[in-house]
Amino acid sequence: MIERLQRRLGYQFGDQGLLLRALTHRSAGPDHNERLEFLGDAILGFETADYLFHHVDKADEGQLSRMRAHLVKRETLAEIGRELQLRQILNLGPGELRSGGQNRDSILADAVEAIIAAAYLDGGIDKARQLVRHLLGERLTRPNKGLQQKDAKTRLQEYLQARHLPLPAYQVTRVDGDQHRQQFTVTCRVEQLNVHSEGRGGSRRRAEQMAAENLLQTLTAQVSANE
């Protein structure tokens, strides 16, 4: 599995111990990836800013900052982690495995940052730069694409307003886990339609977005079924 991961990364580690440490959550033992995550976050932020500065000529400081924030945010990195199939190879403690930690955005995103740092320590800044650009791929070369996509809460709100329906209500119904690794469950409800959905995420905002996405899918499915 390590070899397949390195092929997906487009980088072969000289010291594979660095890669194994990058994949190790602190729940699995003392030789974990938190320090690598710290370093990888800084490298990712710098390399992303450097690329945008040199390749997006017409953007001002505010636009560049929003592009960078979108590219390095937890959700984007977790998406990359899933593309790399990290959930199948992460080294987690038994408790994290039981609670589904291998699917958690925060753990996947941290592992991606740690892998970037591991590549830097293994091969230097040029290799880390190549890896960052490889991982971000089209997201980096088309940074406006993600910004133009409306989030689920906005799309649900516009869907309801177009049909003269009341806005949804969001309520946190459950919080699990330690304070620094909490999982939120949020219910999204439209009383007039007597429909609701749930969403889970590592933050209240993420859980609300998931709940909105799920409710929007339910509503559009109902419309399709009635046509």
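The values are calculated or read from the model by the stated rules, or taken from the named source; none is laboratory data. Quantities reported herein were computed from a predicted structural model and do not represent experimental measurements. Every residue, glycine among them, receives a Cβ derived from its backbone with ideal geometry; neighbour counts consider all protein chains shown. Only protein heavy atoms, including side chains, enter the accessible area calculation; ligands, DNA and RNA are left aside. Shrake-Rupley method; radii C 1.70, N 1.55, O 1.52, S 1.80 Å.
Are any residues in segment 13-40 modelled with pLDDT under 95 and open to solvent by 80 Å² or more (accessible area, probe 1.4 Å), and if so, which ones?
Within segment 13-40, R26, P30, D31 meet the criteria.
What pairs come out if I take residues in segment 158-181 that are in contact (Cβ under 8 Å) with a residue 12 or more places away in the chain and pair them with residues that are open to solvent by 80 Å² or more (accessible area, probe 1.4 Å) and outside any helix (DSSP H, G or I) whose C-beta lies under 6 Å away, six or more apart or interchain?
Going by the 6 Å Cβ cut-off, the qualifying pairs are A169/R189.
Just checking, which of L92, L97 is open to solvent by 30 Å² or more (accessible area, probe 1.4 Å) and out of contact with any strand residue (DSSP E or B) (no Cβ under 7 Å at 6 or more places or on another chain)?
L97
Go through segment 153-191 and count every residue that is under 23 Å from the mean Cα position of the chain (by Cα), of a type in the set (A, V, I, L, M) and in a helix (DSSP H, G or I).
The number of residues fulfilling the criteria is 1.
Okay, residues lined up against (1) crowded, with 19+ Cβ neighbours inside 10 Å; (2) within 14 Å of the chain's Cα centre (by Cα):
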{"site": "A42", "(1), (2)": "no, no"}
{"site": "T48", "(1), (2)": "yes, no"}
{"site": "K58", "(1), (2)": "no, no"}
{"site": "M67", "(1), (2)": "yes, no"}
{"site": "H70", "(1), (2)": "no, yes"}
{"site": "K73", "(1), (2)": "no, yes"}
{"site": "L77", "(1), (2)": "yes, yes"}
{"site": "G81", "(1), (2)": "yes, yes"}
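Among residues belonging to segment 9-40 that are among the small types (G, A, S) and closer than 20 Å to R104 by Cα, point out the one that is farthest from the chain's Cα centre (by Cα).
G29
I'd like to verify a number: residues in segment 77-98 that are at pLDDT 90 or above and either closer than 27 Å to Q209 by Cα or of a type in the set (G, A, S) (or both), how many?
Residues that pass the stated criteria total 13.
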